[in-house]
Amino acid sequence: MKTDNSTLARLIEQCFDYSMDGRFSPAQQTNFLALGKRLRGCLVNLLSATFKDGTPQVVAANQAIAANNKTLSDAVQTLGKAGQILNNLDQLVGVLDGLLQLAAGFK
């Protein structure tokens, strides 16, 4: 079982796009850039990670990846909820970092 890396890659790309989007405050742009970089680091490690089928943490992480990706896809909604979205992305980074410790065969 693997994480949903293609959706995670789209999420990272959106973070980088928002980091250069003048509709967000400079602080929010900086946060999107930092979180995009952290998520990219997770993705690089998760690309080679495998997990036991049905691992609840992977299922939960994939659900969080999908939910965050959906939220970021609507720019108008994102503008109004940027603070909460940035907090959710930070939590996702923590979840993905934790998954790396569970990866079967990850060295």
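Assorted remarks:
- Degrees separating the helix 5-18 axis from the principal Cα axis of the chain, which is the longest one: 20
- The chain: Rg to Rh, with Rh as the Kirkwood radius over Cα pairs: 0.99
- Subtracting the Cα-Cα distance of Lys81 and Arg10 from their residue separation scaled by 0.36 nm leaves 23.6 nm.
- Each residue in Arg23, Arg10 was given a count of other beta-carbon atoms within 10 angstrom of its own, and listing them fewest first yields Arg23, Arg10.
- Taking amide H atoms as placed 1.01 Å from N in the peptide plane, the amide H of Lys81 has no partner under 5 Å among residues 5 or more positions away or on other chains.
- Taking every C-alpha pair closer than 8 Å and separated by at least 6 residues, the mean separation divided by the residue count of region 5-102 gives a relative contact order of 36 percent.
- Neighbours of Ser73 by Cβ distance under 12 Å: Lys/Arg scored +1, Asp/Glu scored -1, total -1.
- Acute angle (nearest 10 degrees) that the helix 82-102 long axis makes with the longest principal axis of the chain, alpha-carbon atoms: 20
- Under 5 Å, built H, 5+ apart or other chain: amide partners of Thr50: Ala104, Phe106
Just so you know, all these numbers are worked out from the coordinates, no wet-lab data involved. Just so you know, these numbers come straight off a predicted model, no measurement behind them. Don't worry about glycine lacking a Cβ; one is built from the backbone with ideal geometry, like all the others, and counts go over all protein chains shown.
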